Every structure is written in structure tokens, then in C-alpha cells.
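Below is one structure; the comments refer to it alone.
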Amino acid sequence: MRDFIRWLVNQLAAAEEEERSGVTAKQRLQLVLIQDRLDLPSDKMEAMKQEIWEVVSRYLAVAEDFLEFEIKKLDELVVLVSNIQVNDASELIPVPAPAV
Amino acid sequence: MTGRTIVITSGKGGVGKTTATANLGTALAMRGHKVVVIDTDIGLRNLDVIMGLENRIVYDLVNVIEGKCKMHQAMIRDKHQLELFLIPAAQTRDKDSIEPEQLRELCEKLENEFDYVLMDCPAGIEGGFKNAVAAAKEAILVTTPEVSAIRDADRVIGLLEASELHRPKLIINRIDTNMVKHGDMMNKDDIVELLSVEVLGLVPADEHTITAANRGIPVVYDKKAPSGSAFLRIAARVDGDEVPFMDLEPRFSIMDRVKGLVGLNGRAYSHA
């Protein structure tokens, strides 16, 4: 009987741990609807990403690609999140030495 | 008299537009209104079979618009409601047989005779949808709590806005209360948050809608059918009555009580 109760509790706990599919559905839809409403085709999105990279790379030595580049929901706001790795100081573009 | 012309639409097919139109039309007629329902799904007509009127069709919507018959000749009187009429779609024609302007003119004529002109819109967002939307002054959107239906509904809301049909009202159809309770189906609040529209009604998943369709008798006549009473309440809201939403939440089961006892029932289920 004690084994059975332990089994039952484990079963219930396992069922609770997995995210319910209704929650997953809502989260997925939130992202899909943002994309749909923006009406921004993927080629335009790609062009914007490229331009932003070019601008940033003029000032900083940065990795070849973004770690993250997406439009998503942050609380009530729709935001563009872009993360790019800045290479360490030794790799920074050298500042020209002042003329002696 | 100036009637209200309302399009029942969804984007995605198979979510229950025709069932909603038949039941809403019947329920409004039961409330004493003069109602005409128009099947605008040319080439794929179905409203006639759902209402059990398929054997009475002589003329159809395209015949009226092309002037092959008088408006009244294409209006089939319902079997049960004396003030309910159906204008069926043409079955052997395609969606380009009519122009938006022609359907709008027809609806304007009907508004002079009827309290409600309901249009069952075809699925999709092409010609047939555009015809029905152009003729309508109000819109009712039908969805189910599924990702594909909700995504399409959102797209349709945008298109309705573009056609000056603002603030469409939403019917959420085929809600499985047990799945909602277990967190495996989005609830009313989730869907409202996603679509930002006003909810007109919640219809539970109900086998009675299938048996009613089999018989060609709208489910609003079945007093035991939960979906039927949901449609009666929706009709009352369309009519301007304040009707509280049905409690679709099933009683807590023994399993929930066990979980509660062992402290595992932390999630709050709120819906309907």
C-alpha cells in the first residue's frame, strides 16, 4: 500500500512537471501572430539583420553572426531583440596611434 | 424597417460557420424576428442540408443575382419557423459568378423586409469571402481553440478591419471542458488575449451537433444539447440582451481532490 501511494505521488508529480500543451499553444501563437501582423517577409527581415550587423561592425569587432535576432513579446510590448558577441579587447579594431 | 446584415466568417474551414449560421438564424426566428440566411459558399453549398431544406431548392443565389428569378422565388421557407427563410448557394457554379456589389444590393433589398440578414461565408479569404464581407455591416467570427483556427481568425480580423467591418464578435466553438481543465486546451481568456476581440459566446464540443446535422434539424431545438443552449444564449446577446457566460467548468474530479490533498494542485484553472 505504501509503495502504491509512492507510485501514485510520483505519477502525479511527473504529470505536473511537463508543460501543458495549452500553454505551449498560446506561447507559440503569440509569436506567430506577431510575425503575421507585422507582415514583414523573411527576406526583408534578413536584409534588416544584415544592415544592422554592418552598422555595428563599423564601431565594434563583432562575431560573424547574431546570437539572437528576433521579434518577440516582452510583457505588453513587441520588441526586436538582437544579441551579438563583441570580440575581446585584443581583437578590437586598433585606434590609430596619434602622430608624433 | 432596416435589418442587420451580419456575415459569419472564420478564415479556416471546418470550424462551424454553417452550424453557427443555421442555429443563430433559427434562434433569432424563435425569438420572433424575421430572418433570412444566405449561403454565399457558391459551389460548396451546405446550409441547406444543415437546416434540412435540401429537397425544396428550386432557385438559388446566383439565379436571383442574374435576374433569372424573383428574390422571393429563391427564398425557401423553413420547416419549423414561419419567419425564417434560406437563400441557397448555387451548387454548379463557381465563386466568380457574382460580384460584391451585386450581393450588397441584394442584402440592402432584404434589409427592408427582414430584421436579420445572416450570411454564411465560405472558408478562405478569396472571392467568396470578399463578396460576403463587402455586403455585410457587422461580422461574427467563429473559431475553435486550436492554433490553426486562431491564427486564421487573426488574419481575418485584419481583413475585416480593412473592409470597414470593425469590432467583429467572436464565437469560440467546440470547447472541450475537460481538456481545458487539464491545461491541454486554450481557454476563453487565452484566446481573448491573443485576438483582442469581444467574445459573443462559448460553445462546448457536443455530439448533439453531429446528430442534429445528420437529421437536418438545428441543435437549438434539442433541449438536452449543451451546444443548443449555447446558441440560444448567443442569439439573445446578438439581440442585445445581457446574458452571463455559461459555466463550462466541470466539477472538480476525485483525482483533483487527491492531487489537492498531496499538494500538487498548484495550478489555477480559470476559463469559460
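Tell me the residue from B:Val49, B:Val62, B:Val37 that is β-branched (Val, Ile, Thr), surrounded by fewer than 18 Cβ atoms within 10 Å (Cβ to Cβ) and modelled with pLDDT of 95 or more, please. Before the answer, list the steps.
Working: B:Val62 fails: surrounded by fewer than 18 Cβ atoms within 10 Å (Cβ to Cβ); B:Val37 fails: surrounded by fewer than 18 Cβ atoms within 10 Å (Cβ to Cβ).
Just one listed residue meets the conditions, B:Val49.
Those residues that are touching a residue at least 40 places away in the same chain (Cβ under 8 Å) and of a type in the set (Lys, Arg), I need them from the range A:58-83; list them, please. Give the derivation first.
So in the range A:58-83, the residues touching a residue at least 40 places away in the same chain (Cβ under 8 Å) come out as A:72-73, A:78.
Matches in the range A:58-83: A:Lys72, A:Lys73.
Tell me the helices (runs of 4 or more DSSP H) entirely within the range A:1-61 that contain at least 2 residues that are within 10 Å of chain B (Cβ to nearest Cβ).
Filter on the range A:1-61 gives A:2-17, A:21-38.
Of the helices (runs of 4 or more DSSP H) that lie entirely inside the range B:100-184, those containing 3 or more residues that are within 11 Å of chain A (Cβ to nearest Cβ) span B:147-162, B:177-181. Which of the residues that make up the range B:185-211 are assigned to a helix (DSSP H, G or I) and away from chain A (no Cβ under 14 Å)? B:Glu207, B:His208, B:Thr209, B:Ile210, B:Thr211 - these are the residues of the range B:185-211 that are assigned to a helix (DSSP H, G or I) and away from chain A (no Cβ under 14 Å). Identify, please: which residue in the range B:212-232 is aliphatic (A, V, I, L, M) and not in a helix (DSSP H, G or I) and is, among those, farthest from B:Asp247 (Cα to Cα)? Within the range B:212-232, the match that is farthest from B:Asp247 (Cα to Cα) is B:Ile217.
Among the criteria (1) closer than 23 Å to B:Gly52 by Cα; (2) crowded, with 18+ Cβ neighbours inside 10 Å, the one B:Leu165 does not fulfil is (1). In the set B:Leu195, B:Leu200, B:Leu232, only one residue is at pLDDT 95 or above, out of contact with any Lys or Arg (no Cβ under 6 Å at 6 or more places or on another chain) and under 30 Å from A:Arg37 (Cβ atoms); that residue is B:Leu195.
Of the residues B:Arg251, B:Arg237, B:Arg267, which single one is modelled with pLDDT under 60 and away from chain A (no Cβ under 14 Å)? Spell out how you get there, then give the answer.
Working: B:Arg237 fails: modelled with pLDDT under 60; B:Arg267 fails: away from chain A (no Cβ under 14 Å).
Result of the check over B:Arg251, B:Arg237, B:Arg267: B:Arg251.
The values are calculated or read from the model by the stated rules, or taken from the named source; none is laboratory data. Treat the numbers as computed from the prediction; the structure is a model and nothing was measured. Backbone-built Cβ (ideal geometry, glycine too); neighbour counts: all protein chains shown.
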